Structures are given as structure tokens and as C-alpha cells.
1. In the stretch B:54-89, which residue that is part of a helix (DSSP H, G or I) and over 12 Å from A:M244 (Cβ atoms) is least open to solvent (accessible area, probe 1.4 Å)?
2. Pick from A:L47, A:L57, A:L72, A:L51: which is surrounded by 13 or more Cβ atoms within 10 Å (Cβ to Cβ), more than 10 Å from chain B (Cβ to nearest Cβ) and either touching a Ser or Thr at 6+ places or on another chain (Cβ under 9 Å) or charged (D, E, K, R) (or both)?
3. Pick from the stretch A:230-256 the residues that are more than 9 Å from chain B (Cβ to nearest Cβ) and open to solvent by less than 50 Å² (accessible area, probe 1.4 Å): which of them is modelled with the lowest pLDDT?
4. Run down B:G100, B:G61 and say which single residue is facing chain A (nearest Cβ under 10 Å), on the phi > 0 side of the Ramachandran plot and within 13 Å of the chain's Cα centre (by Cα).
5. Of the residues that make up the stretch B:27-37, is at least one free of Cβ contacts under 8 Å to residues at least 24 places away in the same chain and open to solvent by less than 20 Å² (accessible area, probe 1.4 Å)?
6. Could you tell me whether the stretch B:111-119 includes any residue that is free of Cβ contacts under 8 Å to residues at least 60 places away in the same chain, within 14 Å of another protein chain (Cβ to nearest Cβ) and open to solvent by 20 Å² or more (accessible area, probe 1.4 Å)?
Amino acid sequence: MNDPNFPRKTHLSRLRRWVLNLVRGRAASERAGSAALDGLLAFDAQLMSQLGRAVGLSEKSALDVIVRTGNLHKLSGNLVRYLGEARVQSEAMQQGIERNSLVIRELAAFVQTLPQQIAQEREQLKALLSEVKGLTEMTDTIRGIARQTEILAINAAIEAARAGEAGRGFAVLAGEVRRLATQANASAEKVSHDIGSLVKTVESGYSVEFDARTHHNEAEAARLGGLTLKLDEGYVDMRQFYEMLMTAVTGHNTELDRGLGLLLDTAQTQDVVKQIVDRVQPAMDSRNAVLVDLIARLRAGEDETLEIDRRAGALAQEYLEQEALHRDPEAAGDAAPGAPSQRIELF
Amino acid sequence: MAHILLVDDDEILRDTLLQMLELDGHTVSNAASAEEGLTKFGGGAAIDLVITDILMPGMDGARLIVELRRRRPQMPIVAISGGRRVLSAEFSLQSASLAGATCQLAKPFSRHELQSALRHALPGKAPAL
């Protein structure tokens, strides 16, 4: 086909005019060419229809992409806002945790002082009791010495009486010794009494100090108990915060996943469009081959084009049958359950 | 009029909301916890809408919403919250929204606000003002 006027890249209707010009004046050839070209034009219309459908699908999927991307954008915006609020909450809880850590430190410091305090009090008490016991033993010794001295004086007085006149001076001496023993005994009694008073005073003073310390410890324990309760509340809040965060983010991701799935569906539609266009190309090639044969025959002056007519009709039939094997993505959800689905080829 | 399941651990608020809803002609089932709410939801009664608090002991409202959505994806759910201590109402309600709540109300709210929320969540079954 070396004719420079051959309209290679134009619509078949122009080609039809060109062919009819080629055989103008040859009535039989005009009729034959016209009939064959009508068949090819019908096939061309089928191809155009499929390309139109591909364009429609492409436009619709582009719109779907816009809508679905918009939805994803809205979803991600929601997540960003939510995470912003979660950050505010987290910071508030962080402050709570820092306050709570102070409470824990105070509690630990308080508890740590208790054993030392108790040990110190026990040591003080032991030392005091030891000293008091020492003093008590000393008075017992004095009392014992006084008693022995008194017995000795009585014995001396008896011996002095038995000695008569010679023992008179010794009797005076024994009487003095006995008086001293009585005085020593009285002093020991007084010291013992004074120690008793001292113990009572110490006990009383110690008790006041102990009571004050106990009251302080009770107040401190109550204060720390209240703070510990708040610590527990803070823990409950934190646990619920993270649970809600996980629930919300998981729920959001499920929605995001669904949105991405829909977007992928749309991408698959684009692939279907590509396949439609790809199938048009070999059909066009077959149609052009028939056309070239037709033109060659008409140029050669052949009027018999029945075979060309048959081939043109077969091309259209074959193309439609092939197209019917491929599922329309828009009708994907319309198939009755259990019905055999048409083939869809992706990627 | 709708059959509403009301879930809130605060007895006073629950009673107040119950009266508000019954005044508008709704039938109300109520539950003091998310767990009880799930039991009542699955108990066979045809629930049209769920109103749930978010910050509750045990299972929280956000998890309840997820579970309700799993059981009935189209169920209208109104989330309510007033926050608690450091947990703000805004954070609670945003959590509910991401978990799948239809709409949210911050406590305290008026009867009018409740009616508006119900009309939004349940068009055709909530009374017009």
C-alpha cells in the first residue's frame, strides 16, 4: 500500500471514503467494497465502544481515587488530632507520675527511718534501765553493809556488857557504830526512794517524747496513705489511658486498612482498563490485515469480496466472545452467590 | 421511638438519662458496666441504639464500642463522657470516635443536646423538637 493519500491514522469512515474513491466508476467493486467496509465499520464501532468503556472506567476510578484518598486524608487527620490530644494527656500523666515518684520517695524515706528510730529508742531504754539497775544494786550493797554493821554493833554491845566496867568505853564505841549503821541505812533508803522518783520522772518524760513521736508518725502515715491512694488512682488512669489509646488506634487502623483496600480495588480497575486497551491492539491489527486484503483485491479489479465479508464478521464475533470472558469490574459484586464468575486478570 | 441501651456506671446520671429518654417515649434498658451492657445487648432484645459512658471501671466504653461494632456494624452508638481526674472528656470522646462511635456528647449535656444527638444517630426514630 504505497498510496501517499492512504489515511493511516484516521477513523475508518474516512478510510471508507478513500476506498470508494479508489473504485469510483466500477459499480461492482463499489458494492463489494462498500459491503466489506460496512462489516469492518461495525467491528470498528465495537472496538470504539470498548475503548469508550475503558475511558469511562478510567474516569470513574480516577474519581474513586480522589474520594478514597480524601477519606484516607480525613482519617489520617483524625489520627493526628487524636494523637495530639493523647500527647496532652500523656504529659498531664507524666506530671502525675513525677508527683507520684516524689510520694514514693517520701514513703521510702519515712519507712527507712522507722527501724533506725525503733532501734535507737530500744538502745536508749536499755542504757537507762542499765544505769537504774546499777544504782539500785549500789543501794542494796549500802543497805547490806549497814545491816552487817548494825549486827556487829549489837554483838559489840553484848560483849561490852559482859566485860562489865572494863567494856564501858567499848560499849560507847559500839553505840556510835550502831548509830552510824542506822544513818547509813536511812541514807540507802533515801537514795533508793530518790532513784524510784528519778525512774518515774524519766519514764514520764520518755513517754511524752514517745507519744509526740507516735502522733507525728501516725499523721505522716495518714498523709502518705492518702498520697498512696492517689498513686493508685494515677495508675488506674494510666492503665485506662493506654487501653483506650490502643483500642482507638487499633479501630482507626482497621478503618485505614479498609480504606487502603478500597484504594487497591480502584488500582485494580486501572489494570482492567489497561487490559481492555491491550486487547484492542491485536483486534485492530487483525482488522487492518483484512482491510489491506480488501484494498489489494479492489485494486486488482476483483469484485468478489464475500470471503472478506466473512472474515470481517468473524473478527467482530471473535472479539465480542473474547471480551465476554473478561469480567466487568463494576459488576463484580452483582454476581449471584454460587454463580460461576467471569475471569478477571490483574497485574 | 427507639429501644435504647444505656450504659453508665454512675447511678444518678443513669437514672437522670433514663427519665429524659422515657419522657421522649423511648424504651430504655440500662446497665451499670460495659460487661453488663454486652450481656443485655446479646440478650435477645432488639436494641436500636446504644448510649455509653467511656470511663468506667473494668471494660471501658471504647472497647465496648469496638465489641458492639463487631457484633452489629451498623449499630448507632452515642458516646458520653465527662472525663476523670487527668483523663479529659475530649480525649475520651476522641477515643470513642476512633473506636467507631456515631457521635459524642461531653457531660454535662442538656436534654436538647441529647435529643439532637439521637436525631443524628437515629434518623426517623428520635422525636423532632
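The values are calculated or read from the model by the stated rules, or taken from the named source; none is laboratory data. A quick note: this is a predicted structure, and the numbers were derived from the prediction, not measured. Reconstructed Cβ throughout: ideal geometry from the backbone, glycine too, with neighbour counts over all protein chains shown. Surface accessibility is based on the protein's heavy atoms, side chains included, excluding ligands, DNA and RNA. Shrake-Rupley method; radii C 1.70, N 1.55, O 1.52, S 1.80 Å.
1. If we take residues in the stretch B:54-89 being part of a helix (DSSP H, G or I) and over 12 Å from A:M244 (Cβ atoms), then B:L68 is least open to solvent (accessible area, probe 1.4 Å).
2. The unique qualifying residue is A:L57.
3. A:L231
4. B:G100
5. no
6. No: zero hits.
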